[in-house]
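The values are calculated or read from the model by the stated rules, or taken from the named source; none is laboratory data. Not measured: the values here are computed from a predicted model. Cβ: placed from backbone, ideal geometry, glycine included. Neighbour counts: every protein chain shown. Please note that ligands, DNA and RNA were not included when accessible areas were found on the heavy atoms of the full protein model with its side chains. Shrake-Rupley method; radii C 1.70, N 1.55, O 1.52, S 1.80 Å.
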Amino acid sequence: MTPKISFIVAVYKVADYIEDCIRSLCSQTLHDIEIVAVDDCSPDDCMDKMKAVVNEFPERKEQVKLLRHARNMGIPFTRRDGLAAASGEYVIFIDGDDYVDVRMAELMYEKAMQTGADQVVCDFYKDYGDWKQQGSIVNGEIGERGKRIDDDILDCRSVPYAVIKAVRRDLFFDHIFMWPTQGMGDDTVISSQISYYSRLTAHLPIPLYYYRQSHNSISRTKSQEWAVMQCRQFHENVLTYLYFLEREGILNKYRHGVVTKKYYTKIFLFPYLDSREMRKMWLNTFPEINHVLIFGSGYFHPSVKDRMRALALCLHIFPIVKRLSTIGK
């Protein structure tokens, strides 16, 4: 029997959290599910911990697939390989350090059946450990067939989480789907295509996903080396996003998204602009939008601080302006 929902879990260096994740999936109130966890050659004991949790749920053993890469390949390929191994009618991506409400599969599938949606988007919590913050990617009314949500994602007016969504599995295979090549910014590539190809998107205004905010995660590591790496990875995925928009003939429709994603690529370098090398990299990263960051446009409105920073960088006077701005502090 085809599972109604396949959970696809990306696992890498999350030994402190993976038990909570897998336990929340094994505890789902919907019986007809599948759990596909892909260990991306993690150097810790994630695999052993996942097996131990699955053993707590003997009724789920036949529904769980634990896969392991022979070498580390990154989260885009981990998700892709998980999708290839999944057989559910709908799929939900999960990050291995997060966890979900035990009703997630049941409620998401129920909403999909009620509406006939290709994707169902739920709300979420950001889990900071000692407190939680509720959030949603939906801004106001969802519009006809949920296209307000989809347009907001494509135009970078909403966070393009790849998680928090139940997506009809066939959607990935009925189209020429491009997978991101890098880990930083991969959600943009995945979510943009899902939103574009979705014939109907439904919103379930219930927080069912717990997005753990780990201060020790790699994405929060602060160093110039990491900033450069993140900038380059994000740049690569933005190019894929732009190619997709161009291929579908919608590049001009989502101009706000285009400029915003190019600008976000530069943000990784902000803490290190005291370095001449970093200032040069900032100037040469999508240089075609530098004038928009200074003057703005009808569809992109930078803050005064962003305008002044861009102007100082383009005039090569950033160090002087920064020194002047600190006088008297």
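Under 5 Å from the amide H of VAL64 lie the amide H atoms of ILE35, each residue being 5 or more positions distant or on a separate chain, with H modelled from the backbone and absent for Pro and chain starts.
Around HIS301, under 13 Å between beta carbons, what's the net of Lys plus Arg minus Asp minus Glu among the other residues? Here the count lands on +3.
Do the sum for the chain: with -39,500 (n - 2.57) for every DSSP H run of n ≥ 4, divided by all residues, what is the mean residue ellipticity at 222 nm, to the nearest 500 deg cm²/dmol?
The helix-only estimate for the chain comes to -12500 deg cm²/dmol at 222 nm.
Between ASP48 and LYS253, the modelled label-to-label distance comes to 5.2 nm, taking each label 7 Å out from Cα in the direction of the beta carbon.
Could you work out how much longer the chain between ALA70 and PHE177 gets when fully extended? Use 0.36 nm per residue separation minus the Cα distance between them, nm to one decimal. Display every interim value, and only then the final one.
Numbers: separation 107, 0.36 × 107 = 38.52 nm, distance 2.47 nm.
Between ALA70 and PHE177, full extension yields an extra 36.1 nm.
Give me the percent of DSSP beta bridges within the chain that run antiparallel, rounded to the nearest 5. Of those bridges, close to 30 percent are antiparallel.
Here the calculated FRET efficiency for ARG199 and LYS126, from their Cβ-Cβ distance with R0 = 25 Å, stands at 0.25, rounded to the nearest 0.05. The angle between the Cα long axis of helix 304-314 and the longest principal axis of the Cα atoms of the chain comes to about 60 degrees, rounded to the nearest 10. What a 1.4 Å probe finds exposed on the chain is 52% carbon and sulfur by accessible area, rounded to a whole percent.
Please identify, among SER136, SER191, SER223, the residue showing maximal mean-square fluctuation in a Gaussian network model of the chain using a 10 angstrom Cα cutoff. The residue with the greatest mean-square fluctuation here is SER223.
With a 1.4 Å probe and all protein chains in place, put MET47, MET113 in order of accessible area, largest first. Please list the in-between numbers first.
Details: MET47 30, MET113 90 Å².
From most exposed to least exposed: MET113, MET47.
By the equivalent-ellipsoid construction on the alpha carbon gyration tensor, the chain comes out with semi-axes of 37, 24, 17 Å, ordered largest to smallest.
Here is the link list: LYS13/LYS49; LYS262/LYS305; LYS262/LYS322. Which ones come out longer than 19 Å on Cα distance? Before the final figure, lay out each step's value.
On the way: LYS13/LYS49 12 Å; LYS262/LYS305 17 Å; LYS262/LYS322 24 Å.
Those over the limit are LYS262/LYS322.
Taking Cβ atoms as reference points and 10 Å as the exclusive limit, the residues near GLU110 contribute a net charge of +2, counting Lys and Arg as +1 and Asp and Glu as -1.
Full extension of the chain between LEU315 and GLN213 yields a length gain of 32.9 nm, computed as 0.36 nm times the residue separation minus the alpha carbon distance.
Report the extension gain between ALA85 and GLU225 in nm, rounded to one decimal, defined as 0.36 nm multiplied by the number of residues separating them, less their alpha carbon distance.
Details: separation 140, 0.36 × 140 = 50.40 nm, distance 3.50 nm.
Going from the current span to full extension adds 46.9 nm.
The GNM of the chain, with springs linking C-alpha atoms under 10 angstrom apart, assigns the highest mean-square fluctuation among SER87, SER303, SER27 to SER303.
Taking only protein heavy atoms and a 1.4 Å probe, what accessible area per residue, in Å², does segment 24-122 have with all protein chains in place?
Numbers: 3870 Å² over 99 residues.
I get 39 Å² per residue for segment 24-122.
Computed from the C-beta positions of LYS305 and THR29 and an R0 of 56 Å, the FRET efficiency is 0.70 to the nearest 0.05. Under 16 Å from a point placed 7 Å out from the Cα of GLN133 along the Cα-to-Cβ direction: which residues of segment 174-211 have their backbone N that close? Inside the label zone: 210-211.
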